[in-house]
Structure formats: C-alpha cells, structure tokens
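Throughout, read-outs are computed from the coordinates displayed, never taken from laboratory work. Computed from a predicted model, the values in this text were never measured in an experiment. Note: ideal-geometry Cβ built from the backbone for every residue, glycine included; neighbour counts use all protein chains shown.
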C-alpha cells in the first residue's frame, strides 16, 4: 500500500459521469484540489451512452466535449479511471479513502492508433451498447473517451492474442505485467456521484424480457437508434433483423411499483417521447409508435415537447398499465391490458416493445461508509456532518440538466467543508 497522494484539503469525487465531472470542475475552478475517480475505463457515464438529449435533440458531445476540454486544462483535477473506492475511514475534514485500481494493460504511451485491436481475434460483449453485439477485447471505450487510451480486457492476459497486441504496438504502450494496485488518499470531503443503473427488466416477468427477443429496454433502444450503435441506427428486431415499424413503448417498467421500484424514475416519460421521434426519423410515414402510460410527467419546458409529440400522427397514446405480453408464432408481441379511458380490454399486436425501464442508484450493491445516509430506494443523501454528499442521479432520479445542477450544489457544499476545515486547523 502506497503513501497518501492527497491532503485533507482535497475533495474526492466518486463517479466520472456528467455529475461527477461537473462537481469536480466546479470545485477545481474555485481553486480546490480534486481527485475524480471512475471505475470504468473512461469518463462520461450513462450520458456518453445517449444518442440525443431531450428536448433539443442534440448529441451528448455538445456537453461532454466542453467538460473534457475543461478537465484537460485544469491542473487541480486528477482523473483516476478503472478505480473503485473500497473503504472510507475518518471524519468530516479528515477522511482516508482506500482505492483499488484495476490494470488497464495499456500505459500513457498509447496514441489510440488501434493497431492492437487489429491483430486481436478475441471478442467480448460491447459495454458501450449494453452488450448488444461484440467488440475486440482490445478496444477504445468510445470515440470521445477520456483518457483516449485503449484497454485490454483481462480475458486476453496469458493468451497468444495478448502477445500479438504487444508486438503490434509501435510505441510500447502495452504492459502485460500491470497488476492491481491499492492506494490511500487523505481527503477532506467526498462527493458521491456514482449515478444510476437500469432496473433489471427480467424481474418484470409478465413482460417477458429475456424470454422474448423483441422486448428491449429503453437504454438498449437508445443505442439501437444511434448510427454508432449495434444496428448502425436502424431499428431492427433482434429476433430476425427486420425493420420494426409498429413499436410499443411501455411506461413505468419497474417504477412506481411496490413489487419493484417504489419511486418515479422521472426521466422515463421524456425518454420515451424522444424515442418516438427516433421512430419517425427512421421509418418516415411508415412509422407507428404507441405509448402505454399511467400518466405523462413532462414538467416545465418539457411540456412543449410533449405537446409537439401529441400532434405527431405517427404517435398514439393509450392510458393503461400493460398487464402482460405474449409472443405470437412470428415473434410479434401481443400486449394485454385495459384502456382506462374507455374501460375496454385490448390485445394489441406490435413488432417491437420498448420498456421505459426504471432508474435505481448505481450505489445499490456497493459497500458504502456506515455513516452515509441513503433513502428507502438507496439514493445517497450524505452524512449527518456534511462531510460526504450525494450528487446527480446518485442522490435522486434526475435527467442530465438537473444532474448538473445537483452536482454544482454538491461541489459548493464540499468546498464549504474544506474552507471550514482550513479555518479549524488555523
């Protein structure tokens, strides 16, 4: 275990998505030293996996690229990827954080030329596309990845493919001897920006996710719509590769349900409204989207977007909680339920079903400090003394815009802790 590499005046930000990047930047641009820790190989989090933002329908590069430039230019931020927090001891103003750093097997010499990937035959599921499709086991996480360095999956180590990758690298960037490391940081405040993860759709048994190939989640559909995604932007049925033109969107899939997630995930309605426009763009006049909903929660400036989608003749709305889904012989899907605006039963056929899957905190399943308070759903509230705070979707189900606002507030609270600690030491 190495010696500490920070001080009690340093802020630790856990999670390198849009919230973590924002919190780190806001604190660093106020002159505070920040260590930004991300367990995946690159920054960006779930935001980097989006095709477009709502309501402007612009690509996430709009925000991520600016933040990455700010990070690269700020000497107060130290970025540590492939790193997890395994323990935090101490108290407000005087924490010791123990970090585990997984080997990347690629060092700072990497120029992202891709020569290593060109000689590797081994493939792994593609995490950027929610495991839809496969990629080489030597890979760049995505085009805008920071750091702009390749990764060798551990499955390669000890194989002939690993030796091929090393031999192909002209800048001596492949280091097959890298080992897992453990380091300790002395920090004064901690911002938990660990983000969210999609609820496990397979737990919603009546909807057949995992059993019926043409039932997908909203996050998988988001990647399908992206030209850089697994289907090159074409909306294809997983069962047979045919274009999906009659698509059902089921709201509150796992949310607002005592058997699954009790809370409203807040982003799902707007995500679905956005995705109906993907269908319109991909299929033109042949497009047909049907939204099955309890109620549409589009607030503030999003109401205009909702009204615009309501006027789209290719989009229909059915006020109903879908009860179950059956699969026909041709692998079409039959939705069963009751339309509560006419109180009649339906058995409607669609060629693809998209589940607007709920958000749960990524921190569920992680070992958190004992004094870190979470709500009934697992979202992080912080510690009673204010030394640790939650930010973004780690603290509440939030969209990108509100996550940025939350992260800014968390950064200010962390800065306050550092200032008070300095005053107490003086």
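Descriptive notes on the structure:
- Per residue, the convex hull spanned by the Cα atoms of region 347-412 measures out at 120 cubic angstrom.
- Treating each Cα of the chain as one equal point scatterer and applying the Debye formula with no solvent, the log10 of I(q)/I(0) at q = 0.09, 0.10, 0.12 Å⁻¹ comes out as -0.62, -0.75, -1.04.
- Axis of helix 400-425 versus longest Cα principal axis of the chain: the two differ by about 20°, to the nearest ten degrees.
- Ordering of 359-369, 339-349 by packing [mean C-beta count within 10 Å, highest first]: 359-369, 339-349
- Cα convex hull of region 199-359 - mean projected area over all directions, nm²: 9.2
- Rg and Dmax [Cα atoms of region 110-250; Å; Rg one decimal, Dmax integer]: 19.2, 56
- Ellipsoid equivalent to region 24-156 - semi-axes via the Cα gyration tensor, in Å: 27, 21, 15
- Burial ranking of peptide ranges 235-247, 309-321 (average Cβ count within 10 Å, highest at the top): 235-247, 309-321
- Region 48-90: C-alpha gyration tensor shape, a/c 1.5 cut-off, then a/b vs b/c: oblate
- Based on alpha-carbon atoms, the Kirkwood radius and the radius of gyration of region 115-168 give Rg/Rh equal to 0.96.
- Segments 146-153, 382-389 sorted - mean Cβ within 10 Å per residue, highest first: 146-153, 382-389
- Between 0 and 90 degrees, the angle of helix 18-28 with respect to the longest Cα principal axis of the chain falls at about 30 degrees.
- Each principal axis of the Cα atoms in region 1-72 has its own extent, and those three values, largest first, are 46, 27, 17 angstrom.
- Rounded to 10°, Cα long-axis angle of helix 268-283 versus longest principal axis of the chain: 60
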